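Bear in mind that the values in this text are calculations on the coordinates, not laboratory data. Note that the structure is a prediction, hence the values are computed from the model and not measured. When we count neighbours, we look across all protein chains shown, and the Cβ atoms used for this are built from the backbone with ideal geometry, even at glycine.
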Amino acid sequence: MAKSTQRQRGRANGSRNAPSNRRRERRTRWVQRGQYAVEVEVEVVYPADDESEPCLEPATVRKLDEIARRAEQGDLSYLRKVGRVFQLIDR
């Protein structure tokens, strides 16, 4: 019982494990691989101890990596589901 009380106190006091205390915003990120570029909306987080630079959470980084991998493979059906897709055109 003491452990759960301690965890709750840590969150209430604004510890680093309390994501609700951090400022979050939606931002546009571009992923370009091969002949495709994808415009994707992601959530960035501003750490409580340094709000000068937004950060990406690990799940968001994995999502962007997956988008890059799918773009390299040319998986248009997936890419169209996650963002706006642009294709390089040779002149």
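Structure values in brief
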item: Added length on full extension, which subtracts the Cα-Cα distance from 0.36 nm per residue, residue 26 to residue 53; result: 8.3 nm
item: Linear extension gain, residue 62 paired with residue 78, 0.36 nm per residue minus alpha-carbon span; result: 4.2 nm
item: Coil-residue GluC sites (Glu not before Pro) of region 29-81, DSSP, other Cβ within 10 Å capped at 15; result: 51
